[in-house]
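The values are calculated or read from the model by the stated rules, or taken from the named source; none is laboratory data. Computed from a prediction, not measured in an experiment: that's the story for all the values here. Here Cβ is always computed from backbone atoms with ideal geometry, including for glycine, and neighbour counts include all displayed protein chains. Ligands, DNA and RNA are excluded from the accessible area calculation, which covers all protein heavy atoms including side chains. Shrake-Rupley method; radii C 1.70, N 1.55, O 1.52, S 1.80 Å.
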Amino acid sequence: MQNVRDVTFQLLRELGLTTFFGNPGSTEVTFLKNFPADFRYVLALHEASAIAIADGFAQATGRPALVSVHTAAGTANVMGNLMGASLNKTPLIVTAGQQTREMLLMEPWLTNVEATMLARPWAKWAYEPVRAEDVPGAFMRAFATAVQPPAGPVFLSLPLDDWAKPCAGPAVVRTVSRRVAPERARLAEFAKALSEASSPVLIYGAAIDRGNGWSEAVAFAEALGAPVWSAPLPERAPFPENHPLYAGNLPPAIGPLCQKLEAHDVALVVGASVFRYYPYTPGPYLPDGMRLLHISDDPTETSRAPVGDSLLGDAVLSLAALTEVLGELRPAGGKALERLAHRMAPHPPNPAKVSDDGLLTAAQVFEAIHRIRPANAILVAETPSSLPDLHAVWPITEPASFFAFASGVLGWGLPASVGIALGERETGRNRPVIMIIGDGSFQYSIQSIWTAVQHHLPILFVVLRNGEYAVLKSFAVHEDSPGVPALDLPGIDIVSLAKGYGCDAARLDDLDAIRSALAKAWTKSKPTVLEVPISPEVPPLI
Ligand SMILES: Cc1ncc(C[n+]2csc(CCOP(=O)(O)OP(=O)(O)O)c2C)c(N)n1
Ligand SMILES: [Mg+2]
């Protein structure tokens, strides 16, 4: 008779889950025993990196990914990026070993006490099978739960003595739908309100890019003839940012966001929450008299919106259906497409800001890299204080080519870029990956660059060394909170750290040197880390 491990590995094979992203411990060795040759284990040196590499890989391949960590210890270490995966809506199956069932009652060393509680609230489903024979079925249910909308991470706690137990196979393989269609009558109501609006406006969210829906998003915007904003702090770009209808990113604050929507009477938000706010800046949610319509496949987003009328449904299916209904309502077409002057300053860039201390500014560095990057390069960003500058000089013009966190949890972007590069290799697209990161952010999951070295990934990491947590200084100004300690980062030698993990690395403080280092980065079979000293600015928060 087969055992639980045989049946489970066969199921994982059939589900396409043949890559483990993880960091092992004693409670996992019985699972990993006689690791089959058609599986691979991508080792990360810390669980925060393991799960974010998996998140990047899942986003780049469009398929769920498997994460294996060590009992409570590993589960505790994945928590920040588990929250990240949940908000990114990335389907992940996170497993943690558990101590031997025989001893669990007395809680031996490394017991994951209340294992399923630990992963909540960020795991969509957290489970420890009640019987060893239920392990394969639990994986199937985990897979189905992770991919159904809203997609997200799930968690399994797996006692280490389950794997050798007898188990009848094969496991049942099931399929489920990954998209949920909008209610037709309500959609027609939305289309009617938009078609009767005197000045409609569209606000698109990351779900459109996740659903591979740029063409549907463009078709609907052009049919309606309305400007398109990106929802605040987007984790992916939903619309071509060089399109004449593109208006820019909405600010993540109540009052300032409302001001951007003035002059419109009906707004439609698709594939985002209403809204991702950050600092509290009071004001009305919407301009006087505006009607807000909202489409999301996430019932928590449709429930927690403070204003507006929501419709539960897949962003891309809804946009396609809306275009159809709009065509029926206005068979002769709408008013002529009003092509807006580009609102997203400054496309194409004006000369970037310069500093008066002789150091480069973040904007100058971004502009230099943007000008000479390969046209199909992927941008991964975790650069808190200079993110607005990055968006301003670097319009995203191709689908699935911009990635950031939806969560605000630092330590996601560096490992995610490693997973994205692995995913690009896996799919054969092989687009080059550029990761731009603050010197503070670089420290949280730094060991992920070792995984990039081991897998010969020619990622370019650009670390902006301002020697501070600049965005927290901006926040302190915004909150009128002088005298906050612990916002400076002296004495970090980023080049030595990067070399220590096996990367090529250099400290470069002029644009010519940066340009020539860039040209070389993609000819290598290892990552390059560029430490770029920049002027320590404290820009306004909003
Ligand atoms: C895990 C985690 N810890 C702490 C923070 C708080 N935090 C937000 S931004 C930031 C500083 C980022 O510094 P850096 O990457 O150097 O970017 P800069 O602001 O200098 O551009 C910190 C510590 C966070 N968001 N996530
Ligand atoms: Mg910094």
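HN-Hα J couplings of the range 305-312 from phi, Karplus 6.51/-1.76/1.60, θ = phi - 60°, integer Hz, Gly and Pro as x?
4, x, 9, x, 10, 10, 9, 7
When a/c is below 1.5 the answer is rounded, else prolate if a/b is larger than b/c, else oblate, so apply that to the range 460-513 with a ≥ b ≥ c taken from the square roots of the Cα gyration tensor eigenvalues.
Here the range 460-513 falls in the prolate category.
At 10 °C and 1.306 mPa s, grab the translational diffusion coefficient of the range 440-537 from Stokes-Einstein with a Kirkwood Rh over Cα pairs, rounded to a whole number in µm² per second.
Rounded to a whole number, D works out at 108 µm²/s.
Tell me, what is the FRET efficiency for residue 103 and residue 329 to the nearest 0.05, using R0 = 60 angstrom and their Cβ-Cβ distance as r?
Computed FRET efficiency for residue 103 and residue 329: 0.35.
Find how much the distance from residue 430 to residue 511 grows on full extension, using 0.36 nm per residue of separation minus their present alpha carbon separation; answer in nm with one decimal.
26.5 nm
Residue 120 accessible area, nearest 10 Å², 1.4 Å probe?
120
Quick one: accessible area per residue over the chain, 1.4 Å probe, rounded to a whole number of Å²?
Heavy-atom accessible area per residue stands at 39 Å².
So what is log10(I(q)/I(0)) for the chain at q = 0.05, 0.07, 0.09 1/Å, when the Debye sum runs over its Cα atoms only?
Taken in order of the listed q values, log10 I(q)/I(0) reads -0.21, -0.42, -0.69.
With a Förster radius of 22 Å, plug the Cβ-Cβ distance of residue 523 and residue 499 into 1/(1 + (r/R0)^6) and report the FRET value to the nearest 0.05.
0.70
Carbon and sulfur together cover what percent of the accessible area of the chain at a 1.4 Å probe radius?
After summing per-atom areas, the C and S share lands at 55 percent.
Can you give me the relative contact order of the chain as a percent, contacts being Cα pairs under 8 Å and 6 or more apart?
14
Return the loop-located trypsin sites (Lys or Arg not before Pro) in the range 1-106 (DSSP other than H, G, I, E, B) with at most 15 other Cβ atoms within 10 Å of their own Cβ; answer none if there are none.
Here the trypsin sites (Lys or Arg not before Pro) that fit, given the DSSP loop and packing criteria, are 33.
Would you check the accessible area of residue 106, probe 1.4 Å, heavy atoms only, in square angstrom rounded to 10?
The accessible area comes out at roughly 140 Å².
Taking Cα centroids, how far is the range 92-131 from the range 148-218 in Å?
After rounding, the separation between the Cα centres reads 27 Å.
Please compare each pair in 33/165; 89/526; 124/165 to a cut-off of 18 Å on the Cα-Cα distance and tell me which ones are over it.
Exceeds cut-off: 89/526; 124/165.
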